[in-house]
Amino acid sequence: MTDNNGDYGTGRGRLISALAKIQKKHGYLPEDALSELSRKMGISKSEVYGVATFYSQFKFDPPAKHTLHICLGTACHVRGGMKILESVRKRFKVNPGETTEDRKFALERVACLGCCALAPVVVLDGEIHGKMTPESVDKLIDDLDAPERGV
Amino acid sequence: MGFKEARQKAHDVWASLVDNKRPLIFAGAASCGRAAGVQSVISAFRTRLAEKGIEASIIEVGCVGMCYLEPIIDIKMPGKPRVSYSNINPARARKLIADHIIGGEVCEDLAIGTVGEQRADGIPGLFEHPMLAAQNRRVLRNCGLIDPTNIDHYIATGGYSGIEKAIEIGPEATIEMVKKSGLRGRGGAGFPTYRKWEFCRRSPGTPKFLICNADEGDPGAFMNRSLLEGDPHAVLEGMLIAGLAIGSSKGIIYARAEYPLAVERLKIALAQMSEYGLLGDGIMGSSFSFEIELEEGAGAFVCGEETALIAALEGRRGMPRPRPPFPAVSGLWGKPTNVNNVETLGNLPQILINGPDWFAELGTEKSKGTKTFALAGKVKRTGLVEVALGTKLRDIVFSIGGGILDEKKFKAVQTGGPSGGCIPLEMLDLPVDYERLAEAGSIMGSGGMVVMDESTCPVDIAHYFISFTQQESCGKCPPCRIGTNKMLGILQKIKSGKGTMRDLALLEELALTVKRASLCGLGQTAPNPVLSTLRYFRDEYIEHIRNRRCPAGVCRKPRKKAADNHNSNSVADATGGE
Ligand SMILES: Cc1cc2nc3c(=O)[nH]c(=O)nc-3n(C[C@H](O)[C@H](O)[C@H](O)COP(=O)(O)O)c2cc1C
Ligand code: FES
């Protein structure tokens, strides 16, 4: 956000969009980039981290090859989102927020994607899928390894 | 281009859709349509049309609210009615091309209705469908019908006449009109919109900021997403009107991070506004100037609260602060700031065009107009509905929603998300307005409605919401930070069959304390899901305690090994599960 002086470049109000930009470029917030940002904006590194860690969108590790977000919003909760989470958790032996050791697969939970009418919903690599079951999610993941998906 | 020419051009563009020369295919391509797979349907259309050498236009529209029937495709052949089809997959897309586009025959088995004035034999109008017939679609009037990426469609259906009117009558008369309409904020609290505006207008200090709160973070709610995806210009025109009224020249949209499509549509719409001279200096030849900036959130529920939202815009941790001073006096960068919800803003153009009496003809004494609700959960017809305030819950769940899935028994409707409560069967005839919902121990909130059946456990739901608010608590004030955590612990105990009656009393006491002592709305309302389930479903809590049994069969006793299996414990904590 533009600050009071209309300063777009270094103004404090640009911090969150600057973080978003870094994350867009690298897929996460690398430490060097944050140090540089802190220097450029004249905001201490601990402040930069303080802000970045407050918001759930910001990640501090490189992204996995594939990321599955499972919705556990209210509608998805009452329509079986947990069952999907349990089944994926068992299959990959990861908890939400974790990545498999080979860094191929990350599991995340979100609280509502706004597609509640099609609950339960998951997002696989940015693509949203509604009316899911543990089986159909398994199939989505299996299809990732199909050659046409370029994996 | 002046606005008059723009309007003429828009009417020409629209006329070419009504009186089309080539086949038109309208695809419901909001997030819900996408989640149902519309993109593969669109590519099936593209491929097959190319193979057959047919020249047709594919127009991506928003959502007509019947999300459970997505993907929805409308086909309009030259000189024929526009027919809506539901549950289309790639194979059915090819059938529609063969039968309807090439063969000229409507596929009756897939059709759900016709849109517009023309009718097809044997097919009712779409708006006679039981899900739509009882609705009053005013804010949502364009959703699913026009191309949200085409400003001409919006203008041709009356768009930007509201700001034209506001410019003509001036700020004071605009505020007066909104006052007469009785419009109250749709973001949750229901504060009269005109009063906030007057307050901000009178505050000394420039610039003044107008913020559109598009942070919709209630899990189970998608009203604002749907409106932004389906008719973004309605909200943007509302921002112009509100900006004019409060004397601001600077608008900001704070959009939720999880809504990439809404953000994309807003970006397109903003560029079109600039192109049409609807942003910048001297809008419509007047002395009114206005700019709009789009800011994306970074994922924090509490940032929907206006003072936290302002902190986020200032590049800080999104923590609320005590009010007063209210943002109207000291908001963004210490300047007078007015925050309005997406739907509040979306209502404005039509109030200006049709007048306050038209708006107030629907609704109850203190709650005027219509409200959109996101109908989800264990109901047959899920989607986005808009009804007159004062409509009975029963009508929403049963007439519009078609009743409970799999013929199970209705148990409760949860309204107001993590700040709201559960309304039981006995209260189904409750007219939905701000006051009645509050009396029932819930709140209107922003409009989420999650229907629960007999297989939903109220203790589990309370636990679910408290685990959400406990995680989303910003941590600034102890009652919310510690209180929600303690409540979560007790609920976990009760869920797993280890609770005592003493825990129940403690839970209630804690809930009341957190409600009273928290700094912001998040903590003040977080106990509502617990208090309302205790009020209506206390016997189910007691059943968990006395007989170690979950009547709905949801809460399982912890697995024996859970205690020494660190992993499974942490998952249960992190997910609010088990
Ligand atoms: C925890 C919390 C979350 C909120 N989330 C939203 C939100 O997502 N959208 C919204 O418009 N208002 C939200 N509000 C209410 C805002 O603080 C504010 O009242 C509202 O945006 C004012 O707009 P209105 O007067 O048009 O309703 C939230 C409030 C609290 C306490
Ligand atoms: S609750 Fe899952 S999409 Fe809303």
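The values are calculated or read from the model by the stated rules, or taken from the named source; none is laboratory data. Because the structure is predicted, anything quoted here is derived from the model rather than measured. In this analysis, Cβ positions are derived from the backbone assuming ideal geometry, glycine residues included, and neighbour counts consider all displayed protein chains. When the accessible area is computed, the model is the full protein with side chains, heavy atoms only, and any ligands, DNA or RNA have been set aside. Shrake-Rupley method; radii C 1.70, N 1.55, O 1.52, S 1.80 Å.
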Strands (runs of 3 or more DSSP E) enclosed by the range A:80-151 - at least 1 residues per element that are within 16 Å of ligand 2 (Cβ to nearest atom) and open to solvent by less than 30 Å² (accessible area, probe 1.4 Å)
A:105-110, A:122-124
Output yes when any residue across the range B:425-435 is within 14 Å of chain A (Cβ to nearest Cβ) and part of a strand (DSSP E or B), and no when none is.
no
What number of residues within the range A:59-79 satisfy the criterion of being under 18 Å from B:A257 (Cα atoms) and surrounded by 20 or more Cβ atoms within 10 Å (Cβ to Cβ)?
6
A careful count of residues in the range A:45-58 that are open to solvent by 60 Å² or more (accessible area, probe 1.4 Å) and either closer than 19 Å to A:K104 by Cα or more than 19 Å from the chain's Cα centre (by Cα) (or both) gives 3
Under 6 Å between Cβ atoms, which residue pairs at least 6 apart in sequence (or on different chains) link something in the range B:174-186 that is closer than 27 Å to B:R225 by Cα with a partner that is assigned to a loop (DSSP other than H, G, I, E, B)?
B:R184/B:G190; B:G185/B:F191
Out of B:G247, B:G304, report the one residue that is at pLDDT 95 or above, more than 20 Å from the chain's Cα centre (by Cα) and not hydrophobic (A, V, I, L, M, F, W, C).
B:G247
Residues of the range B:180-202 being part of a helix (DSSP H, G or I) and within 14 Å of ligand 1 (Cβ to nearest atom), which ones?
B:S181, B:T193, B:Y194, B:R195, B:K196, B:W197, B:E198, B:F199, B:C200
Just to be sure, is B:A56 within 26 Å of B:V379 (Cβ to Cβ) and open to solvent by 20 Å² or more (accessible area, probe 1.4 Å)?
no
Count of the range B:518-560 residues which are part of a helix (DSSP H, G or I) and either in the same structural domain as B:E306 (by TED's automatic domain parsing) or more than 16 Å from ligand 2 (Cβ to nearest atom) (or both):
24
